[in-house]
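The values are calculated or read from the model by the stated rules, or taken from the named source; none is laboratory data. Quantities reported herein were computed from a predicted structural model and do not represent experimental measurements. No Cβ is skipped: glycine too gets one built from the backbone with ideal geometry, and neighbour counts run over all protein chains shown.
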Amino acid sequence: MTNVVVLIKHVPDYAADWELSADDFTLDRAAVDGIIDEINERAVEAALQITEANGGEVTILCAGPAQATDAIRKALSMGADKAIHIQDDAVHGSDAIQTAYLLATALGTIEGVELVIAGNESSDGRAGAVPAMIAEYLDLPHLTHLRKLEVSGDTLTGERETDDGIFTVEAALPAIVSVNEKINEPRFPSFKGIMAAKKKTPEVLTVAELGIEDGVVGVANSASTVTAVTPKPPRAAGERITDEGDGGVKVVEYLAGQKII
Ligand SMILES: Cc1cc2nc3c(=O)[nH]c(=O)nc-3n(C[C@H](O)[C@H](O)[C@H](O)COP(=O)(O)OP(=O)(O)OC[C@H]3O[C@@H](n4cnc5c(N)ncnc54)[C@H](O)[C@@H]3O)c2cc1C
């Protein structure tokens, strides 16, 4: 029996235009169309594969605005059993440490958690730090950036790829892992799954209900702040090389000029 919790983040739709507040550079998540972060769909898929093989259930945990219900619903329609939604304006603008503390506190309220699966980094904040911080708060082993993940008995085995090769890593459960985009291809919700998800009501919790005191989370209490945001310049047009018999040489010269070779 394996009880797996998947951390999912509600992020701005990749196709949507969104801006950060000019005052404090936080994102008004309620004002922008949001989706479940793609890496978190893969985390849900990994959890479903593990519980399908080993038994147990999958719980979704998300801290986000009311609109994050759609992201949670997607995870439930993929097949997750239940969900907890931390929904509280007090969370707005929390930095990675505060977010990790919040999620770690919520994880502490879920009975029998044996495995927590997160994405390796979110597509908006990209701190890539929340799962490691949760591991520290909860004193759990942490396997990062996994491209493969298996559970056998009380042992978790994973693979991490680097430029040098593939490392096989292992930890005892309970543990927390982060997965990368190579972990799997997430399933599409089936019609049956979509209908079943409609009957699953996420448990909604506030910061106070988690026992977290005033003055701990939120932009006013965060230890780090974003102080400037500079949009990337639009992509410059590419350089066209006409092959007049010396195309190969010109390509090599170009790559050398860019310090690519
Ligand atoms: C432009 C920008 C820059 C930022 N820079 C910083 C910074 O430098 N330092 C800093 O501390 N904060 C920063 N933040 C805030 C940061 O995005 C938030 O703290 C965020 O809630 C957590 O960080 P992350 O998404 O980057 O986490 P990551 O560590 O990248 O997320 C990894 C995984 O953790 C899980 N997770 C993360 N957030 C949630 C959530 N709300 N609910 C459920 N699971 C979750 C998901 O599984 C996710 O895939 C920035 C935000 C923005 C918009």
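Being of a type outside the set (S, T, N, Q) and either crowded, with 21+ Cβ neighbours inside 10 Å or in contact with an Asp or Glu (Cβ under 8 Å, 6 or more places away or on another chain) (or both) is the filter here, so list the residues in the range 114-123 that pass it. Of everything in the range 114-123, those that are of a type outside the set (S, T, N, Q) and either crowded, with 21+ Cβ neighbours inside 10 Å or in contact with an Asp or Glu (Cβ under 8 Å, 6 or more places away or on another chain) (or both) turn out to be Leu115, Val116, Ile117, Ala118, Gly119. For the range 238-261, filtering for residues that are part of a loop (DSSP other than H, G, I, E, B) and either in contact with a Pro (Cβ under 7 Å, 6 or more places away or on another chain) or not acidic (Asp, Glu) (or both) leaves 9.
Across the range 201-237, the number of residues qualifying as outside any helix (DSSP H, G or I), free of Cβ contacts under 8 Å to residues at least 24 places away in the same chain and either within 22 Å of the chain's Cα centre (by Cα) or closer than 30 Å to Ser77 by Cα (or both) comes to 1. Return yes when Ile166 is without any contact (Cβ under 8 Å) to a residue 24 or more places away in the chain and in contact with a strand residue (DSSP E or B) (Cβ under 9 Å, 6 or more places away or on another chain) and no when it is not. The answer is yes for Ile166.
Here Asp95 meets the list (1) of a type in the set (Asp, Glu); (2) under 25 Å from Glu213 (Cα atoms); (3) crowded, with 16+ Cβ neighbours inside 10 Å; (4) more than 16 Å from the chain's Cα centre (by Cα) almost entirely, failing just condition (4). Scanning the range 84-110 for residues that are in contact (Cβ under 8 Å) with a residue 12 or more places away in the chain and of a type in the set (D, E, K, R), we see that the one that is nearest to the ligand (Cβ to nearest atom) is Asp95. Checked against the criterion of being assigned to a strand (DSSP E or B), away from the ligand (no atom under 13 Å from the Cβ) and without any contact (Cβ under 8 Å) to a residue 40 or more places away in the chain, the candidates Leu143, Leu149 yield just one match: Leu143. For the range 1-38, filtered to residues that are over 23 Å from Tyr101 (Cβ atoms) and of a type in the set (Phe, Trp, Tyr), the residue that is nearest to the ligand (Cβ to nearest atom) is Trp18. Name the helices (runs of 4 or more DSSP H) wholly within the range 1-119 that hold at least 2 residues that are in contact with a Lys or Arg (Cβ under 7 Å, 6 or more places away or on another chain) and closer than 21 Å to Lys182 by Cα? Qualifying helices (runs of 4 or more DSSP H): 38-54.
When Thr51 is tested against the conditions (1) closer than 22 Å to Thr201 by Cα; (2) at pLDDT below 95; (3) in contact with a Ser or Thr (Cβ under 7 Å, 6 or more places away or on another chain), the lone failure is (2).
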